[in-house]
1. All but one of (1) farther than 17 Å from Phe13 by Cα; (2) part of a loop (DSSP other than H, G, I, E, B) hold for His108; state the number of the condition that does not hold.
2. Tally time: how many residues in segment 60-95 are without any contact (Cβ under 8 Å) to a residue 60 or more places away in the chain and of a type in the set (A, V, I, L, M)?
3. Restricting to segment 111-139, count the residues that are assigned to a helix (DSSP H, G or I) and of a type outside the set (S, T, N, Q).
4. So Tyr142 ticks every box in (1) open to solvent by 20 Å² or more (accessible area, probe 1.4 Å); (2) closer than 20 Å to Val23 by Cα but one. Which box is left unticked?
5. Which of the following residues is closer than 23 Å to Val151 by Cα, more than 14 Å from the ligand (Cβ to nearest atom), modelled with pLDDT of 95 or more and not charged (D, E, K, R): Ala27, Ala37?
6. Against the definition (open to solvent by less than 50 Å² (accessible area, probe 1.4 Å) and either in contact with a helix residue (DSSP H, G or I) (Cβ under 8 Å, 6 or more places away or on another chain) or in a helix (DSSP H, G or I) (or both)), how does Tyr100 come out, yes or no?
7. Scan segment 64-86 for residues that are in a loop (DSSP other than H, G, I, E, B) and within 16 Å of the ligand (Cβ to nearest atom) and jot them down.
8. Within segment 47-63, how many residues turn out to be surrounded by 14 or more Cβ atoms within 10 Å (Cβ to Cβ), in a loop (DSSP other than H, G, I, E, B) and within 12 Å of the ligand (Cβ to nearest atom)?
Amino acid sequence: MIQPIKAVFPGSFDPITNGHMDVLSRACKLFPEVTLAVLQNPRKVSKHLFTIEERLEILRKATEHLPNVRVEAFGGLLVDYMRETKATVILRGLRAVSDYEYELQIAHLNRQMNPDVETVFIMAATRWSYVSSSMVKEIASYGSKEITKMVPPASAEALFRKFADLQ
Ligand code: PNS
């Protein structure tokens, strides 16, 4: 018998964008439980703008309307986290062909390390194909309010606060 599938959507989410939200809401219609798993960088010097606590808070706020979504941090290899949490599907979003090569490599490596785990790709809507966390951060760093069209309100508020604090 097929068990209800536990899906994990891993990422840096620094911060979550409308592209991620689109992939997540599509996944919520396919899987009974979806965990947003935020990579906790073990190194002291993080390349991320937001701390792990800030990212978790943004994610919880941005997903509070989605009842089958959980938000967690994970460290170490994703395949080990999948085993520990008995999750069998890794969800990744694809925006454009340029994402594919990198994603294919990771999916094959993860399959080699844990053949019981399947990577499932969900295409983000075309309107988000050009949106990335790094571009959004760059635009926000110049004080532009345009990012409110690209990220959920929780991310936009956190970005405005962060860049105001950094000034
Ligand atoms: O949002 P990102 O930065 O593209 O997410 C990348 C992420 C977190 C999914 C990936 O780096 C990852 O799974 N890291 C955990 C360490 C790991 O398992 N690496 C093996 C992949 S080959």
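1. (2)
2. Result for segment 60-95: 7.
3. Of the residues in segment 111-139, the ones assigned to a helix (DSSP H, G or I) are 111-113, 126-128, 133-139.
Next, only the ones that are of a type outside the set (S, T, N, Q) stay: 111, 113, 127-128, 135-139.
Total satisfying the criteria: 9.
4. Result: Tyr142 fails condition (2) only.
5. On the way: Ala37 fails: more than 14 Å from the ligand (Cβ to nearest atom).
Of Ala27, Ala37, the one residue that is closer than 23 Å to Val151 by Cα, more than 14 Å from the ligand (Cβ to nearest atom), modelled with pLDDT of 95 or more and not charged (D, E, K, R) is Ala27.
6. Working: open to solvent by less than 50 Å² (accessible area, probe 1.4 Å): no; either in contact with a helix residue (DSSP H, G or I) (Cβ under 8 Å, 6 or more places away or on another chain) or in a helix (DSSP H, G or I) (or both): yes.
Answer is no for this residue.
7. Taking segment 64-86 and keeping what is in a loop (DSSP other than H, G, I, E, B), we get 64-68, 75-77, 86.
Within segment 64-86, Gly75, Gly76, Leu77 qualify.
8. First pass over segment 47-63, keeping only residues surrounded by 14 or more Cβ atoms within 10 Å (Cβ to Cβ): 48-50, 52, 54-63.
Right, trim to in a loop (DSSP other than H, G, I, E, B) and you get 48-50, 63.
Among the residues that remain, those that are also within 12 Å of the ligand (Cβ to nearest atom) are: 48.
Number of matching residues: 1.
The values are calculated or read from the model by the stated rules, or taken from the named source; none is laboratory data. Bear in mind the structure is a predicted one, so any value in this text is a computation, not a measurement. Heads up, the Cβs are rebuilt from the backbone with ideal geometry, glycines too, and the neighbour counts pull from every protein chain shown. Ligands, DNA and RNA are excluded from the accessible area calculation, which covers all protein heavy atoms including side chains. Shrake-Rupley method; radii C 1.70, N 1.55, O 1.52, S 1.80 Å.
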